[in-house]
1. Relative contact order for the chain using alpha-carbon pairs under 8 Å, separation at least 6, rounded to a whole percent?
2. Using 1/(1 + (r/R0)^6) with R0 = 51 angstrom and r between the beta carbons of residue 363 and residue 447, what's the FRET efficiency to the nearest 0.05?
3. Which GluC sites (Glu not before Pro) in segment 215-281 pass both tests, a DSSP loop state and at most 11 other beta-carbon atoms within 10 Å?
4. How do 72, 106 line up, fewest other C-beta atoms within 10 Å first?
5. Mind putting a number on the dipole of the chain about its Cα centre? Charges go on the C-beta only, +1 for Lys and Arg and -1 for Asp and Glu, and I need it in Debye to the nearest 20.
6. For a quick check of your reading of the filter: which trypsin sites (Lys or Arg not before Pro) in segment 1-48 sit in a DSSP loop and have no more than 12 other Cβ atoms within 10 Å?
7. Would you work out which of 167, 107, 394 lies farthest towards the positive end of the dipole of the chain, given +1 charges on the beta-carbon of Lys and Arg and -1 on that of Asp and Glu, about the Cα centre?
8. Could you work out the Rg to Rh ratio of the chain, with Rh taken as the Kirkwood radius (inverse of the mean 1/r over all Cα pairs)?
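Just so you know, all these numbers are worked out from the coordinates, no wet-lab data involved. Quick caveat: nothing in here was measured; it's all calculated off a predicted structure. Backbone-built Cβ (ideal geometry, glycine too); neighbour counts: all protein chains shown.
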Amino acid sequence: MAAGPRAPCPIRRQAQARPDALALWTPDRRWAYAELDAAVAATGRRLRERGWTDGTRVALRLPRGPSLVVLLWALWREGAVAAPISTRLPDAEVRRATERLQARCLIARDRGAPTTGGSVEEIEPPESLVVREAGEDSASTLRPIHRRATILFTSGSTGRPAPVLHSWANHLYSAKGANANMPLRAEDRWLLSLPLYHVGGLAILVRCALAGAAVAVPGRDVSVSEALGETGASHLSLVATQLRRLLDAQEEGAPGRVRAVLVGGGPIPSGLLRRGYNQGWPLHTSYGSTEMASQITTTPPGAPLADLQTAGRRLPHRRVRIGERGQILVAGPSLCVGVIEGDAVEDPRVDGWYPTGDVGHVDAQGRLHVQGRVDRQFVSGGENIQPEEIEAALEQIDDVERAVVVAVSHEAYGHRPVAFVRSRGSLRPEAWRQALSASLPKFKLPDAMYALPEAAVDDRLKVDHRALRQRAQEE
C-alpha cells in the first residue's frame, strides 16, 4: 500500500457536507451527492467480494454514462487501479490492450466480446457490479493519496499509444490547480463532453467532486450544442472540432449561464478563437498532456484575445521550463508515476523533468507559446520545417477554417510540406500560396493543397497525421 498522507473520497466528503446537492445529471436521473455516495459504496462492496481492491488493475470498456462514473469512483475508493479503454477500439485491440495492462478483469457491456485469456478473468458486464440504490455504508474512505489510481493510454497521434500510470495524488493536484484558475461553484455543472478514457474527461470528475459541483452526462448521439441546452451546463471542455460545431450551431453567442469553455487537445485555429471570442464565449485556451494529468498551463477568466492566442500561464502545482532546442519540460505533483513497459513502470523524468516532445517558449508575461511537436519537424533540402508554423499562417487567411500540414517524401529535397485545408468556400491553392508568401519563405510553401477529410479530425481528440501523410503520398 502506498505510504504518505491519507484523504477521504471527495464524493463521501460532499455527501456528508451537502447530501442533497446535485452531483450527477443524466437524461434519466438527477443524482444527489448522498445518492451517488451510496451507489459508490454498494458497488465497492461488490468489488471487494471479487478481491478487486488495493492495487488490482481493472480495465473498463464502457460508454460514457452513470455506470462508468459509479465504477470509477468505487474502484478509486477501494484502492484499485482503473484503466478505461477507448470504446472506439475493435475487440482484438481491446484484448491486446487489456493483456498489455496485465488487468485482472475487463468490465464491458458486451458479454460476447472475446475474452482475453491468460490471467484475466471473465468479462464482467457493469450490471453485475453497479448498484444504483443502496443504504448507508459506514466503512472508512480514507486512502493514501499516493496510491496508484489510473492507467490511461496516450492519444498515439504520432506513435503507438503508451499506457500512463497515475496516482490519486496526480489527479488531485491537477484538479486543485485547475480549480484555482477556474473556480467552480456548488451550483455549477460541467458538461462531460470528452470521453472518460481521455485524461481531459477524467479530470472533469475530480474537479467537480472537489468543488461540490455537478457533472452533466449528455445523452447518446447528442451534439454539444444540444447537450448544452438540455443539461444546463455552465462549463465545457472542448477540442477544436467541437468548438467549431458549437459556434456553427449557436451563432447568437453563449447562453448567459455558461461561465467557462476550456479549449485544448492540440492547436486551436486562430480564426476559430477570434470567432468564439467575438461571439462572447468565455474561452480558456490551455496546454496539457496525459502524463501531467490534464492541464499544465491555461488562460484565466476574462482573458483578452491576445492571451487566448497563447497557451496561458502555468497553473499551481506545476513547473515549466524550456530546455535545449526549445523543448518544453514539465514537473510537479501532477506528473504521472510512469509509463508501463511490460512488468516495469518506467520513470518518464530526465534529470527531474519530463520532456514533453513539444517545442515552445515563455514570453515576458509568463505565457506559454507552443510552436509544435519535436517529432513533427522535418528537413527539406537542408532546412528545418515545423508544420505548425505553416498551419498557423494558413489559418490567418480569411476563408481558411482549419489547416493540417504533413511531410511527404521527395526525391530531390528529402521531404516537402503538403497541406490539407478546410475552407468556407472552394479550394484556392494558388491564392493561398500567394498569401503565404508574404509571411513564409519559399521553401516552407506547401507543394500541394487538398481538402481536409472530415474523418481525420472530426470526432477525434487528436488529428490523425499518419492517415493524412499516407493520403498525401498517394495523391
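1. Value for the chain: 11 percent.
2. The formula returns an efficiency of 0.95 here.
3. Details: sites: 226, 230, 251, 252; in loops: 251, 252.
For GluC sites (Glu not before Pro) across segment 215-281 that sit outside H, G, I, E and B with at most 11 neighbouring Cβ atoms in 10 Å, the list reads 251, 252.
4. On the way: 72 23, 106 26.
By the 10 Å Cβ count, ascending: 72, 106.
5. Values: 60 positive and 54 negative charges, 203 e Å.
Computed charge dipole of the chain: roughly 980 debye.
6. Passing sites in segment 1-48 are 29.
7. The residue sitting most towards the positive pole is 167.
8. Values: Rg = 22.6 Å, Rh = 23.3 Å.
Ratio of gyration radius to Kirkwood radius: 0.97.
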